[in-house]
1. Normalised by the residues of the stretch 79-450, what does the relative contact order come to in percent, with Cα pairs under 8 Å and at least six apart?
2. What net charge is computed for the residues neighbouring residue 106, neighbours being all others with C-beta under 15 Å from the C-beta of residue 106, Lys and Arg scored +1, Asp and Glu -1?
3. Return 214, 263 ranked ascending by Cβ neighbour count within 10 Å, so the fewest neighbours appear first.
4. Could you work out, for the stretch 79-450, what percent of all Cα-Cα pairs fall into each 10 Å distance bin, beginning at 0 Å and stopping at the bin that holds the largest distance?
5. Once the other residues with Cβ under 12 Å from the Cβ of residue 316 are scored (Lys, Arg +1; Asp, Glu -1), what is the net sum?
6. Once you place label points 7 Å from the Cα toward the Cβ at residue 173 and residue 360, how far apart are they in nm?
7. Run through all the Cα pairs of the stretch 380-441 and give the fraction in each 5 Å bin from 0, expressed as whole percent.
8. Which FRET efficiency value, to the nearest 0.05, is calculated for residue 134 and residue 237 with the Förster distance at 45 angstrom and r the Cβ-Cβ distance?
Amino acid sequence: MPATPSRPTTAVRSAPPSFAPGAPALVPRLDAHGCEGRRTGGPRTGGLRTRGLRTGGDAGGAPGPSRRPPGPYRRLFGIPGTRAFTAAGLLARLPAGMFGVSAILMIADTRGSYALAGAVTATGLASTALVAPVTARLVDRYGQARVAVPAALLAVLGQLALVLCVRSGAPAWTLFAAYAATATCPNVGGMCRARWGHLLRGAPGARHTANAVEQAVDELCFMLGPVLAALLCSALFVEAGTVAGALLLLSGVLLFAAQRGTEPPVSGRSTAAAPVRVPGMRPLLGVFLATGAVFGATEVVTLAEVGGAAGGAVLGLAAAGSGAAGLLYGRTRRAVALPWCLAGMTALTTLPLLAAVLTDRLALLAAALLVAGTATAPAMVAGMTAVQRLTPAGRANEGMTLAVTALLGGIAAGSAAGGWTVERLEPAAGYLVPVCAAALAWAVAAAGRGRGGRA
């Protein structure tokens, strides 16, 4: 009869794993730089691995073999549920890069006017700037899932109404009315950042990396969106980009709303001050307004200069440069001050202007936009981090949406200014508009810092 193994006289007990305040189970503690805290083992773990958390080694709790610590992005996506809501958010945000290009190509093709196309898109963005903060306030009060789905459905109906007006040859004013009806589109990027802020409370270094991830997702959407929109509009029919974008938006929001495990708790009626009243927020919103003008003018001018599917591809290169720069910037532990980021943007924005004025080679213009795009993500990450720092607790979605609203308002102004410049001067001269807008953004940020701001 085999001998029964004797039991140890004393049990070795290990310290329980530590978690970040407010984080869900199995989320490792992150220090101020976003690094994972000490891992501990137990007598019965046997080297068991869980997502984002590795527990001990042998039966005595001794540490396992030393391994290279995971990088900042691997630590982020080791948190349960983060991959799911990020993927759904990507799908829901992809149409953001499609709608503007699709509307411009659709209206310019049927009505023969880039000025009208730019004015219609500017009207829609201006309407969004007015409605989006109200939608965000409802999201904070009632929850993301309860508000985002009906808001997205109303926006989709507005996009489809625009298609019907274009196809039926309706009067020009109906185009403005239909595009203004898309203003209820939820700010999925802001909701994603609010989820990261909830999961990474007390870890500013990890939030810096998460903001870089979100900016890279934004840039990926604005890299793939224009290309996809231009391809659909040119290969199928001019309304195809808008129809496809509407379907993607509704599908993505439904999938995003289904990820309830990472959704921040509702705040109810918050007694905190409105984010716009917080000292330092208004100058920061002015920076986002001017930065948005850079994006809007660049989009309209590039489409007028290049046109067709090639125009969407060239715009995608600018977004690719920004996305790559954002991922590299997210790996750094030392953030760059916002005025310095905007100074770099101002300098690099002159490259497309020089390429368009001095030569007519498309390859040089594409390369110039690629390099100029590398300044976008660091500036946006620095700006969004400043917004998160200033926003009161319980009003995260409203604070993020105010920044995006200012950005959209700037895009609207930049689109209108770029369209006006292209029609009255020439497409190449239109690249002067984003240069002036970038310089204005830098001046506002520098003035705010000079008055004691932390931007």
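1. Reported relative contact order: 28 percent.
2. Cβ neighbours under 15 Å give a net charge of -1.
3. Fewest-to-most Cβ neighbours within 10 Å comes out as 263, 214.
4. Binned Cα distances yield the sequence 6, 26, 36, 24, 7, 0.
5. Details: positive: none; negative: 219, 299.
For residues surrounding residue 316, the net value is -2.
6. The modelled label-to-label distance comes out at 4.2 nm.
7. It works out to 4, 16, 20, 18, 13, 11, 9, 5, 3, 1, in whole percents.
8. Efficiency, rounded to the nearest 0.05: 0.85.
Just so you know, all these numbers are worked out from the coordinates, no wet-lab data involved. Owing to the predicted nature of the structure, the values given are computational and were not obtained by experimental measurement. Note: ideal-geometry Cβ built from the backbone for every residue, glycine included; neighbour counts use all protein chains shown.
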